Amino acid sequence: MTKLTKTLTALAAAATIAVAAVAAPQPAEARGGRIAAGIIGGLAAGALIGAAVNGPYYGYGPGYYPRPVYYDESPCYWSPRRFWDGWRWHVRRVRVCD
């Protein structure tokens, strides 16, 4: 998640809390379950908005593709190598065999 997305999410949460604090309190009455329906609807809307903001990345994120590792007795070593994944530079350890 980018820094801008985190900032906007924090501002939206702060604005929601501020509006809830300023709203005039009502007496606690059931009134046919309208309050419970509002709370459930708000939670559902929050889950949908949060899922939409999060993005399509799962697990390790873009640029990570696990591959099987095979062990043998060859004179190989591990070396850090830089690569560009289309968004930024990453460093990954790769096995180098001479």
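From the list ALA20, ALA15, the lone residue that is open to solvent by less than 90 Å² (accessible area, probe 1.4 Å), modelled with pLDDT of 80 or more, on the phi < 0 side of the Ramachandran plot and not in a loop (DSSP other than H, G, I, E, B) is ALA15.
Listed here are the residues, each with its yes/no results for (1) modelled with pLDDT under 85; (2) outside any strand (DSSP E or B).
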| position | (1), (2) |
| --- | --- |
| MET1 | yes, yes |
| LEU8 | yes, yes |
| PRO27 | yes, yes |
| ILE35 | yes, yes |
| ALA44 | no, yes |
| TRP78 | no, no |
| PHE83 | no, no |
| TRP87 | no, yes |
| VAL94 | no, no |
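The residue pairs whose first member lies in the range 76-94 and is under 16 Å from THR2 (Cα atoms), whose second member is modelled with pLDDT of 90 or more and open to solvent by 50 Å² or more (accessible area, probe 1.4 Å), and whose beta carbons are closer than 7 Å, counting only pairs six or more residues apart or on different chains, are TRP89/ARG82.
The values are calculated or read from the model by the stated rules, or taken from the named source; none is laboratory data. Keep in mind the model is a prediction, meaning the values are calculated, not measured. Cβ: placed from backbone, ideal geometry, glycine included. Neighbour counts: every protein chain shown. For accessibility, only protein heavy atoms count, side chains too; no ligands or nucleic acids. Shrake-Rupley method; radii C 1.70, N 1.55, O 1.52, S 1.80 Å.
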